[in-house]
Amino acid sequence: MEALIKIGIFALLLGLGFFFGRRAEAKHYKSILSREDALRSLVVSTDRFPPPEYMNHHTELVSGNVVISVDYFKQVSAGLRGLVGGRIRAYETLLDRARREALLRMQEQAHAAGAEAIINTKLETSRISGNGNKGIGSVEVLAYGTALIPIHKNLG
């Protein structure tokens, strides 16, 4: 009987983690989509050198950084997927959200500086381990690039 209670508690916690994790993820994606729409006019490129029309712009380093933690459900589902192999979609969505959020934060910093474009954009990722190095606790993504700011906007 005691074992059934423990399994029931585990199932309840797993269900709550799934529900609230999905809800938080959906809310974050909604925020990401609206902010991406607002910043569509800001050109972001991985080119190392600016196009000719941006040659007379002031440059400034801009960056965006985010750390997103893994919820319990993602850890359990990834552990189960590890038994049979294959893609771990739970971690794929985590990385997608982190990457997009870091890029958005970089774009917001560039937009606040009056930039028209960002070139030489790079992404760095790292894992922040949890559970005594037994799993991913959080993932960090850093996006950085060179903002191109029109000279007349920089003079004020």
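One line per residue, one yes/no per condition, for (1) open to solvent by 50 Å² or more (accessible area, probe 1.4 Å); (2) touching a helix residue (DSSP H, G or I) at 6+ places or on another chain (Cβ under 9 Å); (3) touching a residue at least 12 places away in the same chain (Cβ under 8 Å):
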residue	(1), (2), (3)
K27	yes, no, no
S31	no, yes, no
L39	no, yes, yes
N56	yes, yes, yes
L61	yes, no, yes
I68	no, yes, yes
Tell me yes or no: at least one residue of the range 74-93 is modelled with pLDDT of 90 or more and touching a Leu at 6+ places or on another chain (Cβ under 8 Å). no
Considering only the range 1-14, I want to know if a residue exists there that is modelled with pLDDT of 95 or more and outside any helix (DSSP H, G or I). no
Given S63, S69, which one is within 19 Å of T125 (Cα to Cα), modelled with pLDDT under 90 and either under 18 Å from the mean Cα position of the chain (by Cα) or of a type in the set (D, E) (or both)? S69
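The values are calculated or read from the model by the stated rules, or taken from the named source; none is laboratory data. Just so you know, these numbers come straight off a predicted model, no measurement behind them. Glycine gets a Cβ as well: all are built from the backbone with ideal geometry, and neighbour counts include every protein chain shown. The area values use the complete protein model at the heavy-atom level, side chains included, leaving out ligands, DNA and RNA. Shrake-Rupley method; radii C 1.70, N 1.55, O 1.52, S 1.80 Å.
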